[in-house]
Structure formats: C-alpha cells, structure tokens
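Heads up, the thing below is written out as structure tokens.
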Amino acid sequence: MASGPRIAVIGNAGGGKSTLARDLAEKLHLPHLELDRILWRPDWTPAPLAAYESDHGNAIASDAWIIDGLGRRESIPDRLQRDTAIILIDMPIWMHFWLAAERQIAWNRDKDTLAHPPAGATAPPPTEALFRTIFEVDREWMPEIRVLVARERQRGKRVIEICNVDQLRRGTDSPQLLMLTRPE
C-alpha cells in the first residue's frame, strides 16, 4: 500500500494553523490531527509526557495526514522528518496577537458558538498565558523551527510559507496548497 501525503502545518500560536489544516484536510480527503488535542487536557493542563509521546508517535507513523500545531518542542524534528510537505505560518508576532485576541473575544462573547475551539476545550485558554506563549514561541522556538524547515527544504520537501493574513485567508483557495499532494 502506497503512502499518501503527510503535511505538517506549523507556526506560532493563534496563527490560524488549525483552521487552515482542517479546511485543507477536508478538501484533500486526508485525516487531520490538531496537536492541541493530544497536548492539552480540557482544563488547559498539559497531557502527561508519555501519553503525548505515544499519541504523537502513532499519529506521525500513519500513512497519510495533515497535522497542525506545535505540540511539544522536542517532537517537532521527528514530525518534520516524517512529513512529505510543510506549511510554515511565519507571520509577524503582532498578527498572532491580533488573531489570538479576535478568537479570545469571540469565545468570551459567544461561549457556546465557537465552531472549533482549540484542543476541543470548553473554556478559552487564559489570555495572559496565551500571549506569553506567543511571545516565547516567537523568540525561542521560531528561530529553531525556521532552521528545521530550511533543512527539510534542502532535502527536497515542498515548503509553503504563509507570511501574512491575506495569504492565510486565501487558505485552500491557493492552488499552491492543493498541489502539496501531487508528486513534483
């Protein structure tokens, strides 16, 4: 049985990874995993390390998928080595703050109507912790992620970089994204 596409959607928090990945998975008929669902428990406490590692390992071992999120930092290299294509959402930090703030406001205003809450949670993440995470990921994780993605590009993987909200909002209307499942 041939392996299908394995697409990693990665970038800072609040950047639209899950929405893009979910829409792309639907359009391409691929299984989708939001890493926040295995990383976080309903009260925003982290899952035990062993549970996360097992779930992550099983997910990336599958033949075809779209996986979005950061997950645990130490799991990123394995995921990027296993994927066949990468979508890197690499926007300026203020855009992540803006998009995260919009979601927090919508979630607090319409508690029961947020269509796809992160991690399947019933309550929004604490805003201060979310914004601190965005700041720390931008400063501490993103430089390393850019290096890992560049390394995978040098190995011949397709990499699509989304650097602004207009590109993000075009989403699956972008022919470039739909081409990720076709051989080069």
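On the basis of being surrounded by fewer than 22 Cβ atoms within 10 Å (Cβ to Cβ) and of a type outside the set (D, E, K, R), does residue 61 make the cut?
Taking the combined requirement at face value, the residue satisfies it.
Any residue at all in region 23-30 that's more than 22 Å from residue 161 (Cβ to Cβ) and out of contact with any Ser or Thr (no Cβ under 6 Å at 6 or more places or on another chain)? Working first, answer last.
Step one: of region 23-30, the residues more than 22 Å from residue 161 (Cβ to Cβ) are 26, 29.
Pick out the ones that are also out of contact with any Ser or Thr (no Cβ under 6 Å at 6 or more places or on another chain) and you get 26, 29.
Among the residues of region 23-30, at least one is more than 22 Å from residue 161 (Cβ to Cβ) and out of contact with any Ser or Thr (no Cβ under 6 Å at 6 or more places or on another chain), which makes the answer yes.
Test residue 23 against the stated conditions and say whether it is over 12 Å from the mean Cα position of the chain (by Cα), in contact (Cβ under 8 Å) with a residue 12 or more places away in the chain, crowded, with 21+ Cβ neighbours inside 10 Å and over 20 Å from residue 136 (Cβ atoms).
Judged against the criteria, residue 23 is not a match.
Looking only at region 92-132, how many residues end up being surrounded by fewer than 12 Cβ atoms within 10 Å (Cβ to Cβ), in a helix (DSSP H, G or I), at pLDDT below 90 and not charged (D, E, K, R)?
The qualifying residues number 1.
Are there any pairs with C-beta distances below 6 angstrom linking a residue in region 146-161 that is within 17 Å of residue 176 (Cα to Cα) to a residue that is of a type in the set (D, E, K, R) and assigned to a loop (DSSP other than H, G, I, E, B), with the two at least 6 apart or on different chains, and if so which?
Between residues of region 146-161 that are within 17 Å of residue 176 (Cα to Cα) and residues that are of a type in the set (D, E, K, R) and assigned to a loop (DSSP other than H, G, I, E, B), the close pairs are 161/90.
Quick check on my filter: what residues within region 28-71 are in contact with a Leu (Cβ under 7 Å, 6 or more places away or on another chain) and either at positive phi or not aliphatic (A, V, I, L, M) (or both)?
Result: 46, 52, 65, 68, 69, 71.
Among the residues of region 70-78, are any in contact with a helix residue (DSSP H, G or I) (Cβ under 6 Å, 6 or more places away or on another chain), closer than 14 Å to residue 9 by Cβ, free of Cβ contacts under 8 Å to residues at least 60 places away in the same chain and surrounded by 20 or more Cβ atoms within 10 Å (Cβ to Cβ)?
Yes, some residue in region 70-78 is in contact with a helix residue (DSSP H, G or I) (Cβ under 6 Å, 6 or more places away or on another chain), closer than 14 Å to residue 9 by Cβ, free of Cβ contacts under 8 Å to residues at least 60 places away in the same chain and surrounded by 20 or more Cβ atoms within 10 Å (Cβ to Cβ).
Among the residues that make up region 75-86, is at least one of them touching a His at 6+ places or on another chain (Cβ under 7 Å) and of a type outside the set (Val, Ile, Thr)?
Yes, because at least one residue in region 75-86 is touching a His at 6+ places or on another chain (Cβ under 7 Å) and of a type outside the set (Val, Ile, Thr).
Only residues that are within 19 Å of residue 158 (Cα to Cα), out of contact with any strand residue (DSSP E or B) (no Cβ under 7 Å at 6 or more places or on another chain) and in a loop (DSSP other than H, G, I, E, B): list them for region 3-28, please.
3, 4
The values are calculated or read from the model by the stated rules, or taken from the named source; none is laboratory data. Please read these numbers as outputs of a predicted model, since none were measured by experiment. Because the Cβ atoms are built from the backbone with ideal geometry, glycine has one as well, and the counts that use them run over all protein chains shown.
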